[in-house]
Amino acid sequence: MLANSSDLNQNVISTTGYCCDLCKKSYTRKSSLDKHKLLCDFKSKSKIEHKVDEEELGDTPTYEQLVKIVQELAFKYVKLEDKMEQMQVWINQKKQKIKVLDWLNEHVVATIGFKEWITNIVVAPQIALSLIDYNAFQIFQSVLEYNLSSGTDFIHPIKCFSHKQNVFYICEKTPDGKAVWTQMETEELLLVLKKVQNKLLSELSKWKLDNKTKMEADDKISEQFNKALIKLLNITIVAHDVNVSRIRNNLYTHLKTDIKNLIEYEFEL
C-alpha cells in the first residue's frame, strides 16, 4: 500500500499496517490507529497545552445554556419585529399626513414660472426630423425630457411624486419672485403639448423651405417629409384623448420622485 503526502502528515502506512507518527506503534486497521491517536495526542501534549485545552473547554456552554441563549435571541427577535411593524405604521401615517403642496410652497422655488417655461420650450431641428424614423410619441417624450433635464442650479416648475399617480404640480412666480405651487389642470398640460406640437410643425416648415429644391428633385425626400408631417398631425391634443394620456403617462414616469424623499427631509428638521 502506497502512502500519499497527506497520509504522511498524520501517520505512516507500513507493510504491516498503519503506524502512529508520534510513538511509531503499528495497527492493522486504520480505525484502531484513529482510536489510539486520541490518547497518544493527549499524552504528547505539554502541561501548557493541556491547560489551554481545559480553559477553552471550560468556556464551552452546556446544552441547557445553549437552549437558554437561543430562547433569549428568539425573544429579542420577536421584540425587534414588533418595533419594525410599529415603525412601518408610523411611516405610513406620516406619508398620509404630508401635504405635498404645502411642502413644495415651503421648500421649493422654481427658477422660472410655468407659463414662462412653456414659452421657452426648445425643439431642435434634428428632433423634428426624427419624425421620419420614430413615432410621434417618442418625439414628444424626447422634447419634454430635453426641456426638463436636470441642471445644476435650474429648478423646473413641474414636479410629480410616486404616491400620486399621474398628478403633476406646477409653479408660478409672483411679481416679487415668490413661488406658488398648484396642482396642474388638464388644460395646462394641453398647453404644453400644443406648444411642443407647434414647435415641431415650425421646425418641419423651416426644413421644407430650406430643402425645397431637393424635395422637388427627389420624390423620396418629399414622401419622407409628408410621412413625418402626417405622424405629427395625427396627434389630437384634446382632453381625455388616448394619445394625450399616453404622453402624460410617459412624462409622469420620467419625472416622478418617491414620496419617501419628503419623509427623509422631515426627519432632518
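The values are calculated or read from the model by the stated rules, or taken from the named source; none is laboratory data. Keep in mind that what you see is a predicted model, and the values were worked out from it rather than measured. Neighbour counts are summed over all protein chains in view; Cβ atoms, including those assigned to glycine, are modelled from backbone coordinates with ideal geometry.
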Filter pass, Lys159 being within 19 Å of Glu185 (Cα to Cα), at pLDDT 90 or above, of a type in the set (D, E, K, R) and assigned by TED's automatic domain parsing to the domain that holds Val244
yes
Give me the strands (runs of 3 or more DSSP E) completely within region 124-186, filtered to those with at least 2 residues that are under 25 Å from the mean Cα position of the chain (by Cα) and surrounded by 13 or more Cβ atoms within 10 Å (Cβ to Cβ), ordered by residue number.
158-160, 168-173
Taking the criterion of being surrounded by fewer than 12 Cβ atoms within 10 Å (Cβ to Cβ) and modelled with pLDDT under 70, would at least one residue in region 17-35 satisfy it?
no
Determine if region 89-102 includes at least one residue that is of a type in the set (S, T, N, Q) and at pLDDT 70 or above.
no
